[in-house]
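Shown next, in structure tokens, is the structure this report addresses.
The values are calculated or read from the model by the stated rules, or taken from the named source; none is laboratory data. Quick caveat: nothing in here was measured; it's all calculated off a predicted structure. Cβ: placed from backbone, ideal geometry, glycine included. Neighbour counts: every protein chain shown. With ligands, DNA and RNA removed, areas are computed over all heavy atoms of the protein, side chains included. Shrake-Rupley method; radii C 1.70, N 1.55, O 1.52, S 1.80 Å.
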Amino acid sequence: MNPTTTTAPLAAAPIAGLPPTFQWGVATSAYQIEGAAFEDGRTPSIWDTFCRKPGAVHNGDHGDVACDHYHRMPQDVALIKSLGVDAYRFSVSWPRVQPGGRGPVNPAGLAFYDRLVDELLANGIDPWVTLYHWDLPQELEDAGGWPVRDTAYRFADYVALVFDKLQDRVATFTTLNEPWCSAWLGYHAGIHAPGRQNFDDHLSAVHHLLLGHGLAMQRMRARETRPHTYGITLNMGTADPASDTDIDRDAARRADGMGLRIYLDPLRHGRYPADVVADLAARGKAFPVVDGDLEVISAPFEVLGVNFYFGQDFAGTDESGNTHDADGEPVVRAVLPDTPRTAMNWPITPDRFTQLLVRLHRDYPGLPMVITENGAAFPDAPDSSGFVADDARTAYLATHLAAVADARAQGADVRGYFAWSLMDNFEWAEGYAKRFGIVHVDYESQVRTPKQSALWFRDTIARTREA
Ligand code: IFM
């Protein structure tokens with residue numbers, strides 16, 4: 001079924017069960033929208049480099065200009081305000097603030113975020129800062145990147161620079177966005193920057209990203225002049241067995257272990273999951289833990305950012321029925337649920353969203369959650385005025401917001417929802433071909449046009465608040 005063939009536009013109605021205190025927002029990240037890649041002292045990140053690698057990014061696209069947000073920030077803040085949201089989640093570009101990833105702050109780079117925060121506050125919008133959304137300074141990758149322990153310390157130094165400037169006006173700081181993507185896609189699968197394909201590097205990156213989170217938290221808490229909300233954002237799905245066989249159940253366990261529990265168990269329980277540690281030991285592998293690291297990593301934090309796009313099933317056999325791959329490792333094969341798909345070929349699974357949130361509440365209790373990303377790419381077709389009647393995206397948002405409300409009704413402590421994304425932007429390896437925005441961007445003219453989904457989101461927020 002093609003999800004773009006739905007009929008009448010969905011009318012906005014209150015989302016039952018979302019309280020007046022529920023925080024509504026839209027989200028972006030620095031490299032995906034800012035452009036100005038070579039201005040005001042910014043140096044290359046691993047994504048600037050990766051984009052130049054032939055074949056790495058669709059169409060050879062890159063973030064040199066992107067949405068030109070660096071130069072259009074006040075208009076973009078006005079656009080955010082027009083949606084009636086409470087908050088805006090954006091990320092700070094490390095190589096803009098601390099070129100090369102070491103040493104003193106770059107005042108011109110940091111000034112951009114200073115202006116952004118002021119502009120948001122002047123418009124009644126709460127700034128929600130993500131400190132790292134994948135743009136590692138290239139010099140730090142040249143020195144070994146996230147697989148190297150020193151990068152965690154460099155991250156904490158950089159965070160202190162940002163925090164000192166913004167903490168007086170920003171209430172919420174989250175350290176990392178989706179460390180799974182940095183570690184797995186960047187160092188193991190090689191489809192994200194820096195494009196390495198090395199499982200051991202991936203394991204080291206996981207640990208040093210988590211250590212960087214913990215060290216950054218320590219630095220912020222030690223420097224704060226008023227209380228803040230601190231957290232981390234993880235991308236998570238569901239990993240159900242494709243069938244009731246032992247082999248599929250084991251594949252689902254392994255997928256859940258490497259995708260979710262190796263992050264949340266150290267963060268919340270102060271240890272890596274025993275079954276994953278045993279699986280790795282059987283392969284002669286381990287996380288590079290130094291005494292004291294897990295205490296640093298598991299220090300309490302106030303909010304878990306949840307990024308959800310879809311859930312999937314896992315099988316322990318490949319298409320030919322083999323249980324082990326060419327390296328002798330057990331097969332863990334993703335099987336997509338038989339549902340309509342987005343343009344990313346991601347299945348649309350709102351029921352799994354509820355399942356995930358209820359499970360997080362059960363397995364990691366006492367941790368408030370905010371949905372820091374949720375949304376969908378579809379092959380949008382603007383009309384002659386640039387308007388996009390994106391009914392499929394609207395339906396996606398509606399069903400996923402209802403899923404959040406369902407999870408809350410089952411006890412999950414979800415306190416907010418940020419739509420991904422404010423506007424179409426650079427979708428990493430997919431370049432500009434995939435559009436996640438609720439606002440359409442004409443990349444030639446840089447004209448922004450709210451899509452049907454943006455109008456629906458605006459009206460839904462208003463009606464839910466009134467209800
Ligand atoms: O665009 C990305 C974002 O940068 C991180 N989370 C997933 C989104 C869609 O792929």
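For Ala189, are the conditions met, namely being open to solvent by less than 10 Å² (accessible area, probe 1.4 Å) and in contact with a helix residue (DSSP H, G or I) (Cβ under 9 Å, 6 or more places away or on another chain)?
Values: open to solvent by less than 10 Å² (accessible area, probe 1.4 Å): no; in contact with a helix residue (DSSP H, G or I) (Cβ under 9 Å, 6 or more places away or on another chain): yes.
No; evaluated as a whole, the condition is false for this residue.
Residues in region 255-279 that are surrounded by 20 or more Cβ atoms within 10 Å (Cβ to Cβ) and touching a strand residue (DSSP E or B) at 6+ places or on another chain (Cβ under 8 Å): Ala255, Asp256, Gly259, Leu260, Tyr263, Leu267. With respect to the stated conditions, Trp180 is within 16 Å of the ligand (Cβ to nearest atom), modelled with pLDDT of 95 or more, open to solvent by 30 Å² or more (accessible area, probe 1.4 Å) and among the aromatic types (Phe, Trp, Tyr). Identify the residue in region 287-332 that is in a strand (DSSP E or B) and in contact with an Asp or Glu (Cβ under 6 Å, 6 or more places away or on another chain) and, among all such residues, is farthest from the ligand (Cβ to nearest atom). Residue satisfying both the conditions and the ranking: Ala315.
Among the residues of region 411-440, those identified as aromatic (Phe, Trp, Tyr) and within 12 Å of the ligand (Cβ to nearest atom) are Phe418, Trp420, Phe426, Trp428, Tyr432, Phe436.
Would you confirm, using the coordinates I've provided, whether Gly145 is open to solvent by 10 Å² or more (accessible area, probe 1.4 Å), part of a loop (DSSP other than H, G, I, E, B) and at pLDDT 95 or above?
Working: open to solvent by 10 Å² or more (accessible area, probe 1.4 Å): no; part of a loop (DSSP other than H, G, I, E, B): yes; at pLDDT 95 or above: yes.
Here the answer is no, as Gly145 does not meet what is asked.
Here Pro44 passes the criteria (1) in contact (Cβ under 8 Å) with a residue 60 or more places away in the chain; (2) touching a helix residue (DSSP H, G or I) at 6+ places or on another chain (Cβ under 7 Å); (3) within 16 Å of Phe436 (Cβ to Cβ) except the one numbered (3).
For the condition surrounded by fewer than 21 Cβ atoms within 10 Å (Cβ to Cβ), away from the ligand (no atom under 16 Å from the Cβ) and under 20 Å from Gln23 (Cα atoms), what is the one hit in Leu401, Leu455? Step through it out loud before you land on a result.
Values: Leu401 fails: surrounded by fewer than 21 Cβ atoms within 10 Å (Cβ to Cβ).
Answer to the selection: Leu455.
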